[in-house]
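**Q** First the structure, then my questions, so here it is.
All of the numbers you see were taken from the coordinates with simple rules; none came from a lab. Quantities reported herein were computed from a predicted structural model and do not represent experimental measurements. In this analysis, Cβ positions are derived from the backbone assuming ideal geometry, glycine residues included, and neighbour counts consider all displayed protein chains.
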Amino acid sequence: MKHAKLGQSGLKVSRLILGTMQMGWLVDEDTSHKLLDIALEAGLNTIDTADIYSKWAEESYSGKSEEIIGRWLINQDRDEIVLATKVRGEMSPNPNDVGLSRKHILESITRSLDRLNTDFVDLYQSHSFDPDVPQEETLRAYTSLVDAGVVHYVGASNFTAAELVESLWTSDKHGLVRYESLQPPYSLARRRDYEKHLQPVIETHNLGVISYSPLGGGFLTGRYAEDTAPDSKRAATTKTRYYKERNFRIVDVLTEIATDREATVAQVALAWVLTRNTITAPIIGVNSVEQLEENLASLELKLSEDDITRLNESSDWTEIDQLAR
């Protein structure tokens, strides 16, 4: 599998990244370990998780995903794996057990390392912006972790362009480590925010981008119709966010191309993301071996220039912006 350099850093990640939000929530531990085995064997050596996964589920709790990965990781060659996790979410009722303060970051990395059964994290990410903490405080905490060797690189997730620019300015002004990557949502059904606001910052400062939700919460798999939806715990959220006439037109084009290419709708949607120059690697979240194998096959799917043009035009947001003026 080809690997891609993450921004200006020396870190190389696989062209698809295995997301683990479902592990311990929608996917049990045995299946999670099987997915990790298959992914690694296929060359997908980059894993993304977060300390908060998956607190929201009745049958889960904060840190469960990291624990599942840790019990698998202890039997692997750690140097073969690129491991990314995140900090920011509310881990407990303790008012200091949340956010991007120095206290919370230093305590959280210790707990994450313990759950993950490792001495270091390759990429440690701010899960979202924290308006209550100065960015200098956050970046000084990260710098101390990088200097100590327990974190190799730091990244941001769900930051606006303004928040990202402020962080880069702060790093430059005070000689601190900078965010080397951004983790935003990005798909055919969700292009505007990234392309209009974030992509110019990415290109100017040469950041890596590990985008999430490349299949639009499952909407771009072709399993959703205007009057039906799959039996899934995430279906309600997907319907609320993606049930728009324009998005159904995108699925129609995906379906036509998939038929021509003898591929699945999901494979075509992923293959399109893989053609985007500023996207280092999309994160895939899978619930089964079959879904993982389907997603992996997208790496071999070559879209024609005509395919890409049709997909670009069906999902174009610039015309909508112009009409709104």
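**Q** How much of the DSSP bridge set in region 3-183 is antiparallel, in percent, rounded to the nearest 5?
**A** 15 percent
**Q** Here's something else I'd like to know. Hey, which of these cross-link pairs are over 23 Å Cα-Cα: Lys86/Lys239; Lys12/Lys196; Lys34/Lys64; Lys12/Lys86?
**A** Lys86/Lys239; Lys12/Lys196
**Q** Let me know the shape class of region 113-261, please: from the alpha-carbon gyration tensor, a ≥ b ≥ c as square roots of the eigenvalues, rounded when a/c is under 1.5, otherwise prolate if a/b is greater than b/c, or oblate.
**A** Here region 113-261 falls in the prolate category.
**Q** Let me ask something additional. Magnitude of the Cβ-charge dipole of region 3-183, K/R +1 and D/E -1, about the Cα centre, nearest 20 debye?
**A** It comes to approximately 400 debye.
**Q** Divide by every residue of the chain the summed helix terms, -39500 (n - 2.57) for each DSSP H run of at least 4, and state the resulting mean residue ellipticity at 222 nm, rounded to the nearest 500 deg cm²/dmol.
**A** -12500 deg cm²/dmol, from helical runs alone.
**Q** Here is a follow-up. In percent, what relative contact order does the chain have, based on Cα pairs under 8 Å that are 6 or more apart in sequence?
**A** Relative contact order here is 17 percent.
**Q** For the chain, count all C-alpha to C-alpha pairs, find those more than 32 Å apart, and express that count as a whole percent of the total.
**A** Of all Cα-Cα pairs in the chain, 27 percent lie more than 32 Å apart.
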